[in-house]
Amino acid sequence: MPVQIGQKKESDFGDPLGLLSDCHRRIERFLAVLIKISQKRNGGTIPPEERTSLETALTYFRNSAPKHTADEEDSLFPRMRSSEEAAAARECLARLEGDHVTASQDHQIVDSLGRVWLDQGALTWEQAGELNSALERLGVLYARHIAIEDNELFPLAGRMLDAAQLSQVGQEMAQRRGVTTPESSKTAR
C-alpha cells in the first residue's frame, strides 16, 4: 500500500494488538471497495480499473482475512481464556467467534460470485442481488465486530496478557505469514 504523509505508521509483530487493529483498517478499506463496485455496477460490466480493484479485494479476503481470524482464534483468544481474568472475556470471545463463522459464510458467497463476475464479465440480476446482500450483511457485521475488538477486547487483552504472552501472539502471527522476526530467530537457536 502506498504511504501517505501524516498516516499512522503501521504496527509490527512486536505489537500484535496494534497489528490486529491495523488489519481491521484493511478489512474496512477492501470491504468498502467491494461494496462500492457491487452497488455501482450491480453485476454489469466492470471497467478495467475497477476490475483490478475487485480482484485485489477478493484476493485479500481469500488469502489474508483467514490469517487474521486464526491470529485471533488460535493465538489471542486462547491466551485470554487461560488468563486469571478470563470470566470477563469468555462471552465476548464466543460472540466474536460466532461472527467469524457468519463472516466466513458470506465471504464464500462474495468470493464465488466475484469470481463468476470476473470470469463471465457480468452477473445475473439474482446473482447481483445475492452479492449485494452478502456485502451488506458483512458491512453490518464488521462495523459491530471491529468496534468491539478495537474498543473493548484489544484493550482488555493488553491488560490481561503479559509481555511474554503478547510476544508469543506476535511470533505466531509472523509464522502464519512466513515472516521471521528477531524473537523467532532467538528461539530457533
>> As an exercise, find the ratio Rg/Rh for the stretch 79-189 from alpha-carbon atoms, using the Kirkwood inverse-distance average for Rh.
In response: 1.12
>> Can you give me the C-alpha center-to-center distance between the stretch 145-184 and the stretch 61-113, rounded to a whole angstrom?
In response: 13
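Reported to two decimal places, what Rg/Rh ratio describes the chain when computed on Cα atoms with Rh from the Kirkwood expression?
1.02
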> Taking Cα pairs under 8 Å and at least six residues apart, what relative contact order does the chain come out at, in percent?
Replying inline: 35
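Read the figures in this text as sums done on the coordinates, not as results from a lab. Being a predicted model, the structure only gives us computed values, none of them experimental.
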